[in-house]
Structures are given as structure tokens and as C-alpha cells.
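For reference, the structure is listed below as C-alpha cells.
The values are calculated or read from the model by the stated rules, or taken from the named source; none is laboratory data. For clarity, every value in this text was computed on a predicted model and none was experimentally measured. Using ideal geometry, Cβ is built from the backbone for each residue, glycine included, and neighbour counts are taken over all protein chains shown. Heavy atoms of the whole protein, side chains included, go into the accessibility calculation; ligands, DNA and RNA do not. Shrake-Rupley method; radii C 1.70, N 1.55, O 1.52, S 1.80 Å.
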Amino acid sequence: MIVLGIETSCDETGVAVYDSARGLLAQSLHSQVDLHAVYGGVVPEIASRDHVRRLLPLVRQTLADAKIEKPDAVAYTAGPGLVGALMVGSGLANGLALGWGCPVIPVHHMEGHLLAPMLEEGAPDFPFLALLVSGGHSMLVSVAGVGKYRVLGSTLDDAAGEAFDKTAKLLGLPYPGGPALAQLAEEGRADAFQFPRPMLNKPGLDFSFSGLKTAVMLQVRESESLGALEKDRANIAASFQQAIVETLVKRSIKAARQESLQSIIIAGGVGANKLLRSMLADQFSGCVHYPRPAFCTDNGAMIAFAGAMRLADGATPQAIQAIARWPLESLEPPGGDDWAEGIRLD
Ligand code: KG4
Ligand code: ZN
């Protein structure tokens with residue numbers, strides 16, 4: 001089964017061709033980061049328009065790279081995400097599938113992220129614990145199979161990526177802040193400032209990052225008032241990164257133990273963070289899996305792969321979908337799906 005995957009939920013246009021027999025055949029990505037950087041964040045209307053401009057040429061190029069004329073199915077990100085951006089991918093995927101006379105599979109963006117480690121060699125078997133940390137989500141999910149997800153904990157306020165981005169902004173770093181902050185942190189001392197490790201003393205598995213962000217803001221103000229901000233910037237970045245990563249690692253290990261799971265996978269944009277990967281691998285006694293950094297952030301390969309997994313399990317969807325808010329736990333295993341007919345725009 002050869003599946004064309006299309007991702008347009010936010011500010012990356014991602015396209016890929018995945019073959020269930022031969023693996024990933026081709027993939028392309030166009031990042032809109034430069035377009036949004038001047039605004040300090042993603043502007044939804046600009047995102048949609050750029051997807052319109054880029055998507056079809058990218059599909060043509062990716063099919064040519066994969067040396068195929070048409071796939072056996074088209075998978076696209078149906079949500080959650082920016083509804084205008086989602087509609088671009090959803091519209092093209094459904095149009096192409098209609099023209100080609102092949103099935104079209106709506107994919108949940110976070111399911112794409114959490115299955116992405118399975119694109120790599122030595123992929124984990126079900127069940128496993130997924131730490132999903134992106135710009136919009138932070139959650140711990142017990143994964144028993146495709147569509148069999150139990151959210152064990154999630155953030156009560158900011159997502160982990162959002163906390164990285166907002167802290168980076170406080171330190172005068174460009175958007176997107178996560179990678180820039182991680183780079184600056186390499187020049188600093190992680191023990192220079194003692195920032196809080198939010199929620200670690202509380203029961204349960206939820207996260208909260210707004211207190212940490214406030215603590216960093218107060219430190220930035222103090223350093224500024226002392227005329228020491230330039231000298232302290234790298235130390236603040238390193239101490240912040242240490243605090244947030246330690247929180248994510250401790251919570252993940254607690255969740256894995258509680259659920260008796262032997263493997264943890266890290267997925268989503270923050271999964272590209274080197275300290276997070278190394279600290280979790282050092283401290284967890286089981287196996288830790290993560291995709292290559294390019295498959296942690298948004299991409300078409302994870303959507304093509306999730307679509308192929310759903311198709312293999314007998315998914316038979318019909319509706320054109322673009323769903324801005326869509327709880328991961330509402331997903332069902334393929335085959336048992338109860339898809340509405342027509343167009344669904346929530
Ligand atoms: O999964 P993703 O590409 O998009 C969403 O679905 O949100 O995640 C983007 C997020 C941004 O907040 C970005 O700053 C963060 O992932 N990020 C990182 C790193 N690379 C990307 N955060 C920390 N360290 C990194 N190396
Ligand atoms: Zn994402």
C-alpha cells in the first residue's frame with residue numbers, strides 16, 4: 001500500500017510518500033518560519049495562503065521523487081490545528097483522492113506525532129508510553145495500539161513548546177524560540193539559577209509551566225535592573241531548560257512505572273531537544289525511542305505513516321474534515337470508525 005501524506009495543520013507544509021512494503025519513499029517540507037518570524041508567532045491567514053501556494057507543487061515534486069504517478073491512498077491531517085490551514089490540506093487531499101479514485105484517510109495530528117518513532121529502525125512495539133510535547137500540546141499517553149490511547153496527564157496551562165517559545169521571547173531570541181533557546185543554553189550553566197520544577201510534588205501526572213515562565217520573567221527583570229542581562233542570558237536559558245526537561249523526565253518515568261510500561265517514546269517538536277533525549281535515556285531503566293529531529297517537528301511522513309497504519313487496519317472514512325479542536329482520546333481503532341458523511345468543520 002503506497003500512501004501520500006499531507007500535513008498543513010500549522011506553519012509547515014509537509015508531503016511524503018510511504019510504502020508499507022518498502023518504507024518511506026520520499027518526503028518534502030516547506031517551512032513558513034521566515035514568513036511568521038517578523039510577527040513573533042504564527043499568523044493563521046498567512047499560514048493558509050502559503051499552504052495554498054506551496055502544497056500542490058510540493059505534492060508533484062514528492063510524487064516525482066518517489067517515482068510514482070499515483071498512490072493507493074491519500075492521508076491528510078484533519079486536525080487539530082488552524083482551521084484555515086487544515087482546510088487547504090483537507091481540500092487538496094480529498095480532491096486528489098476523488099480524481100485518482102482512491103481512499104482518503106483523515107489523520108489526527110497528534111496520532112501522527114506519536115506514531116512517528118515507528119518510522120525509524122528498531123521501532124518500539126505496542127504498548128508504550130508516549131510523551132507528546134509540541135507547541136500546542138503536552139501530554140502523557142498510554143498507547144496500546146493504533147487508536148487505543150489513554151491520556152494519563154496533560155498541561156494545565158502552557159504547552160512545553162509554548163513555554164520554550166515564550167521564555168525565548170523574554171530573552172530576546174527569534175521565533176521559533178525552542179531551538180534558539182536550546183542553542184543559547186549550551187553556553188550557560190544549568191545550575192546558575194534555581195527555577196521551580198512545577199507540579200513535581202503534586203500527585204497525578206499533569207504538567208503546569210506558567211509558574212516556571214513567571215519565575216524566568218522575574219529573573220530577567222532582576223538581571224535587567226542590575227545591568228547584568230547580557231551576562232546572565234545563557235545561564236537563564238540553561239537553568240530554564242534544566243527545570244522544564246527535569247519536570248518532563250520525572251513525570252514520564254512516574255507514568256511508565258505506574259502503567260508498568262517498558263518503553264517510552266518522545267514525540268512532537270520539543271522531542272528534538274537534546275537534553276530531553278539524553279536525560280530520559282539516562283534516567284529511565286527501560287527503552288527510550290525518539291524519531292530523528294526532522295520527524296519530531298511537523299512533517300508529512302508521520303501523516304503518511306499513520307494513514308498507512310489506519311488503512312492496513314481497515315479504516316473506511318468518507319467525510320472531508322478540518323477539525324480545530326479534537327481530543328486524542330476520542331479516536332477509535334480503525335475499522336470500528338463511525339465517520340459522518342459530508343463535510344465536518346468544527
Ligand atoms: O510539533 P511541532 O513542530 O508543532 C506543533 O504541533 O506545535 O512543535 C513545535 C514546537 C515549538 O514550540 C518549538 O519551539 C519546539 O517545538 N521545539 C523545541 C526544539 N525544537 C522545536 N523546543 C525545545 N528544544 C528544541 N530543540
Ligand atoms: Zn505538531
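Quick check for you: with a 1.4 Å probe and neighbouring chains kept, what is the accessible area per residue of the range 1-45, in Å²?
Accessible area per residue, the range 1-45: 41 Å².
Just the projected area, averaged over all directions, of the convex hull on the alpha carbon atoms of the range 126-290: how many nm²?
9.0 nm²
Which far-off residues, 5 or more places away or on another chain, put their amide H under 5 Å from the one on Thr155, with H placed in the peptide plane?
For Thr155, the qualifying residues are Ser138, Phe207.
Can you give me the distance in nm between label points at Ser260 and Ala281, each placed 7 Å from the Cα along the Cα-to-Cβ direction?
According to this spin-label approximation, the distance is 2.9 nm.
Of the heavy-atom accessible surface of the range 126-290 (probe 1.4 angstrom), what whole percent is carbon and sulfur?
On the way: 3530 of 6960 Å².
Heavy-atom surface of the range 126-290 belonging to carbon and sulfur, 1.4 Å probe: 51 percent.
Please compute the net charge surrounding Ser225, taking Lys and Arg as +1 and Asp and Glu as -1 over other residues with Cβ under 14 Å from its Cβ.
Net local charge, Ser225 excluded: -2.
Could you pull out the GluC sites (Glu not before Pro) across the range 108-158 that fall in loop regions by DSSP (anything but H, G, I, E, B) with no more than 12 other Cβ atoms inside 10 Å?
Here the sparse-neighbourhood loop sites are Glu121.
Under a 1.4 Å probe, what is the accessible area of the range 126-290 per residue, stated in Å²?
On a per-residue basis, the range 126-290 sits at 42 Å².
Within the chain, what's the longest run with no trypsin sites (Lys or Arg not before Pro) in a DSSP loop and at most 10 other beta-carbon atoms within 10 Å? Give the range, please.
By the stated rule (loop sites, at most 10 other Cβ atoms within 10 Å), 68-324.
Report the relative contact order of the chain, percent, no decimals, based on alpha-carbon pairs under 8 angstrom and at least 6 residues apart.
About 24 percent, as a whole number.
Using the C-alpha gyration tensor of the chain, what are the square roots of 5 times its eigenvalues, in whole angstrom, with the largest one first?
One finds semi-axes of 35, 23, 17 Å for the chain.
Once the other residues with Cβ under 13 Å from the Cβ of Leu181 are scored (Lys, Arg +1; Asp, Glu -1), what is the net sum? Please list the in-between numbers first.
Details: positive: Lys166, Lys169, Lys213, Arg233, Lys274; negative: Glu162, Asp165, Glu186, Glu187.
With Lys, Arg at +1 and Asp, Glu at -1, the net is +1.
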